[in-house]
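Structure first, commentary second.
The values are calculated or read from the model by the stated rules, or taken from the named source; none is laboratory data. Treat the numbers as computed from the prediction; the structure is a model and nothing was measured. Here the Cβ positions follow ideal geometry from the backbone for every residue, glycine too, while neighbour counts run over all protein chains shown.
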Amino acid sequence: MENLEYVPRTIEEETRLTLEVLETILKLAGCTRRDVVKCTVWLSDLADYESYNRAFTEFFGGHRPGRSTVGAPLLRGIKVEIEAIAELPESEG
């Protein structure tokens, strides 16, 4: 998440950027992407599902959190919105 002025052009670019922001938030909470247990995803155009899904599955690799994906009108030209629930790892203390 180096360039906050970057404007994604495709659904894959926007999904990757959104997931990079998610990863930053997870790190701040002491979590990793492997701690994500559920995602709810809104797409402004369900025709973008395959391209979005490609970026989503690349990000999570072999980890497969539960996921719901629905179509919905999003504000200001946004193509994808992702909400994630993560389980905090147990501390070793």
Could you list, in sequence order, all residues of region 35-50 that are of a type in the set (Ser, Thr, Tyr), more than 14 Å from GLY66 (Cα to Cα) and either in contact with a strand residue (DSSP E or B) (Cβ under 6 Å, 6 or more places away or on another chain) or surrounded by 17 or more Cβ atoms within 10 Å (Cβ to Cβ) (or both)?
SER44
Of the candidates ALA47, ALA55, ALA86, the one satisfying the condition of being of a type in the set (A, V, I, L, M, F, W, C) and either under 18 Å from LYS27 (Cα atoms) or modelled with pLDDT under 95 (or both) is ALA86
Residues of region 52-93 being within 17 Å of ARG9 (Cα to Cα), surrounded by 12 or more Cβ atoms within 10 Å (Cβ to Cβ) and not polar (S, T, N, Q), in sequence order, are TYR52, ARG54, ALA55, PHE56, LEU74, ILE78, LYS79, VAL80, GLU81
